[in-house]
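Only one structure is covered here, and it is reproduced in the block below.
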Amino acid sequence: MSVAVCDPVVTEAPAAAGWTSTGRQKALFLDRDGVINVNHGYVHSAERTEWVAGIFDLARAARAAGYVLVVVTNKAGIARGFYTHSQFEDYTRWMHARFADEGAPIWRPTTARITRKRASAS
């Protein structure tokens, strides 16, 4: 199995999400499905999104305490054919806008692509 970190979909200016270039930076990494939104199975649209209770309060409190918010997800729904990369990007942009509207901008989403290599026949 191999894991690769992919380029971010949303590339806001780091300062807009609280990133500073001086000193150490605190960050709160949040998994998407099951932490930010209720995991209804490969959520990829606003219509299917149900926010986890208290997520925006938590995000605002973290930002107020000087943490930068980073979302991490593995995009397994793309690999399994449940949605396209374009749908993922649209959903990610929408999610970022919602967090910004709630006063808790996200710095950038971080995604990982996991591939499983089949064992070769010997």
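List of remarks:
- ³J(HN,Hα) computed for each position of region 83-98 - Karplus, 6.51 cos²θ - 1.76 cosθ + 1.60, integer Hz, glycine/proline x: 7, 8, 4, 4, 5, 4, 5, 4, 5, 4, 4, 4, 4, 4, 4, 4
- Pair residue 102, residue 26: separation of 7 Å Cα→Cβ label points (nm): 2.0
- In this structure the amide hydrogen of residue 30, modeled in the peptide plane, comes within under 5 Å of the amide hydrogens of 70, 71, 72, none closer than 5 places in sequence on its chain.
- Subtracting the Cα-Cα distance of residue 35 and residue 74 from 0.36 nm times their residue separation leaves 12.7 nm of extension gain.
No value in this document is a laboratory result; all are computed from the given coordinates. All figures in this text were calculated on a predicted structure; none of them were measured in a lab. Cβ sites come from the backbone with ideal geometry, for glycine too, and all protein chains shown count toward neighbours.
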